[in-house]
Each structure stands twice: as structure tokens, then as C-alpha cells.
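Enquirer: Below is one structure. I have some questions about it.
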Amino acid sequence: MLPNLEPMRIPHCTGWLAAFLALLLAACGGDGDDSSVEPTSQREGTFDEGTVRMEIETLDTGLLKGHSYVDSVEGWTIAGIDVTAVDQRGVEWPVIEIPEEEGERSATEFFEVTIQELARGEQITVKTKVFFGSDSGFRIERTVEESWPP
């Protein structure tokens, strides 16, 4: 005798249960406040001209996000900030830079690196390059870099 091969019937309440679980998971996702985001990676360099700190905070789908912070010492100002990303083959990846605080003595810049296909085991190097200017007209470049993934 053959076993009963009738299709199994799923109760109609399964759809409601799935919708409820989806809403529950969405509600537990957080309040959207990014002010308490902990950096997943951080590098800092202290130089005679000031301090440069770069924090990589999140990896969204296709985007690596972070901030660069610069503070200059007395007698030096910030002449510019440039964030770049390069893979191990030397290919530059697109970076979007958005200044959040621009001052002569301190600055904060938000950046996003557009992540392209990265083979397993490969890394990109994110660099924050800062140009300091002295009161006497001298200009110097300082760089802090971090490899991703760490």
C-alpha cells in the first residue's frame, strides 16, 4: 500500500504569523540614532602640527562609512582633508567626502567608500591625508591609514 501523497495543507494563519514576526524584528532594529555608533576600526596619528583620527564605523550594503577628525596645535591651521581608498592591486575606489565641521584649528569630515567586489582575504586601505599650514606659510602633509577589513 502506498502512503498518502496528498499535499500538506498549511493553515491560513501562517501568513499572519510571518507578518507579525517581520514587524517584531523591524521594531527591534533600533531607534535610528547613529550618535552612539561605536567605530569598528580606528587609527590615530599625533604629529607636531596636530592630531588626525580616522574611524571606520559601519559597513552598509556597498558602503564603508566613517569619519575623519583633525585638530591642529597652536601656530598651525588645517588647509585641507582628503580621504582615499585603494585596494591591494593599486585600484582606487570611489570615496564621497562630506565636511561636517570646517574650521581653521579643527575639522570633521564624513566619508563613504563605495565598496566594489572584494575577493575573500583581500583588503582596501583607507587613508586620511591632512594638509596643515603654518602661520609662517609652511605647508606639510600628514597621513593616517587603516586596512579594511581589519
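The values are calculated or read from the model by the stated rules, or taken from the named source; none is laboratory data. Computed from a prediction, not measured in an experiment: that's the story for all the values here. Every residue, glycine among them, receives a Cβ derived from its backbone with ideal geometry; neighbour counts consider all protein chains shown.
Enquirer: Count, please, the residues in segment 113-150 that happen to be of a type in the set (Asp, Glu) and either in a strand (DSSP E or B) or closer than 12 Å to Glu49 by Cβ (or both).
Expert: So the count comes out to 4.
Enquirer: A further question follows. Only one of these conditions is not met by Arg120: (1) among the charged types (D, E, K, R); (2) farther than 18 Å from Thr46 by Cα; (3) surrounded by 12 or more Cβ atoms within 10 Å (Cβ to Cβ). Which number is it?
Expert: The failed condition is (3).
Enquirer: A follow-up question, please. Would you say Glu92 is at pLDDT below 95, of a type in the set (Asp, Glu), over 15 Å from Val130 (Cα atoms) and loosely packed, with under 13 Cβ neighbours inside 10 Å?
Expert: Yes, satisfied.
This table checks each residue for (1) of a type outside the set (D, E, K, R); (2) modelled with pLDDT under 50; (3) under 30 Å from Phe138 (Cα atoms); (4) touching a helix residue (DSSP H, G or I) at 6+ places or on another chain (Cβ under 7 Å).
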| site | (1), (2), (3), (4) |
| --- | --- |
| Ala18 | yes, yes, no, no |
| Ala26 | yes, yes, no, no |
| Asp33 | no, yes, no, no |
| Ser36 | yes, no, no, no |
| Pro39 | yes, no, no, no |
| Asp48 | no, no, yes, no |
| Tyr69 | yes, no, yes, no |
| Val83 | yes, no, yes, no |
| Gln88 | yes, no, no, no |
